[in-house]
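Working notes, structure below.
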Amino acid sequence: MSSPALTALDLIHQQTKIGGINRMLANLEELALEITNEDLENLLTWYPYKNNLQRFGYLMEELEAREDITKFTFDRLNKEPFYTVLLSPEKNQKAGSAGNRWKVDVNIKLENDL
């Protein structure tokens, strides 16, 4: 069974199959309201994809989600080295520099329908 945090990360992981990040921003915003500290802490103990955690943290900050969500996520990421990733993965495109703590190269304009 999924939780709000896992569902949010699954959406980010599957973004290319569901039409891109902009199609899911409203869902991420709603899921952020349902994520509990316990849910997120549990997920961060086993979730294997750092690149999706980076995108998740970046998007939570952009959506102005609760600060504890971004703090827990960043603290988990900061335990090991992590490298720049594209916000929206594209074939034949490599991540460049990123001007944010998540090391996310923002290669698309975010447009939220809400």
Would you say R101 is basic (K, R), in contact with a helix residue (DSSP H, G or I) (Cβ under 8 Å, 6 or more places away or on another chain) and either in a loop (DSSP other than H, G, I, E, B) or surrounded by fewer than 18 Cβ atoms within 10 Å (Cβ to Cβ) (or both)? yes
Could you tell me which residue of region 83-98 is surrounded by the fewest Cβ atoms within 10 Å (Cβ to Cβ), considering only residues that are among the small types (G, A, S) and over 14 Å from the mean Cα position of the chain (by Cα)? S97
Just to be sure, is A65 under 20 Å from S3 (Cβ atoms) and assigned to a loop (DSSP other than H, G, I, E, B)? yes
List the pairs whose first member sits in region 8-25 and is under 15 Å from L87 (Cβ atoms), whose second member is among the basic types (K, R), and whose Cβ atoms are under 9 Å apart, counting only residues at least 6 apart or on separate chains? L9/R55; I12/R55; H13/R55; Q15/R23; Q15/R55; I21/R55; N22/K109
Scanning region 62-78 for residues that are polar (S, T, N, Q) and crowded, with 18+ Cβ neighbours inside 10 Å gives T70, T73
Residues in region 1-26 that are touching an Asp or Glu at 6+ places or on another chain (Cβ under 8 Å) and assigned to a loop (DSSP other than H, G, I, E, B) total 2
Can you tell which of E111, E29 is of a type in the set (D, E, K, R), part of a loop (DSSP other than H, G, I, E, B) and either in contact with a helix residue (DSSP H, G or I) (Cβ under 6 Å, 6 or more places away or on another chain) or under 18 Å from S3 (Cα atoms) (or both)? E111
Would you confirm whether or not region 32-49 contains a residue that is closer than 21 Å to D105 by Cα, among the aliphatic types (A, V, I, L, M) and either in a loop (DSSP other than H, G, I, E, B) or out of contact with any His (no Cβ under 8 Å at 6 or more places or on another chain) (or both)? no
Starting from region 87-112, keep only residues that are without any contact (Cβ under 8 Å) to a residue 40 or more places away in the chain, then list their pairs with residues that are of a type in the set (D, E, K, R) and part of a loop (DSSP other than H, G, I, E, B) whose Cβ atoms are within a distance under 7 Å, requiring at least 6 positions of separation or different chains. N107/E90
Looking at (1) of a type outside the set (A, V, I, L, M, F, W, C); (2) within 12 Å of the chain's Cα centre (by Cα); (3) under 20 Å from K103 (Cα atoms), which one does N22 not meet, given that it meets all the others? (2)
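Computed from the coordinates by the stated procedures, all read-outs in this text should not be read as laboratory data. Worth saying up front: this structure is predicted, and the values here are computed from it rather than measured. Please note: Cβ atoms are built from the backbone with ideal geometry, for glycine as well, and neighbour counts cover all protein chains shown.
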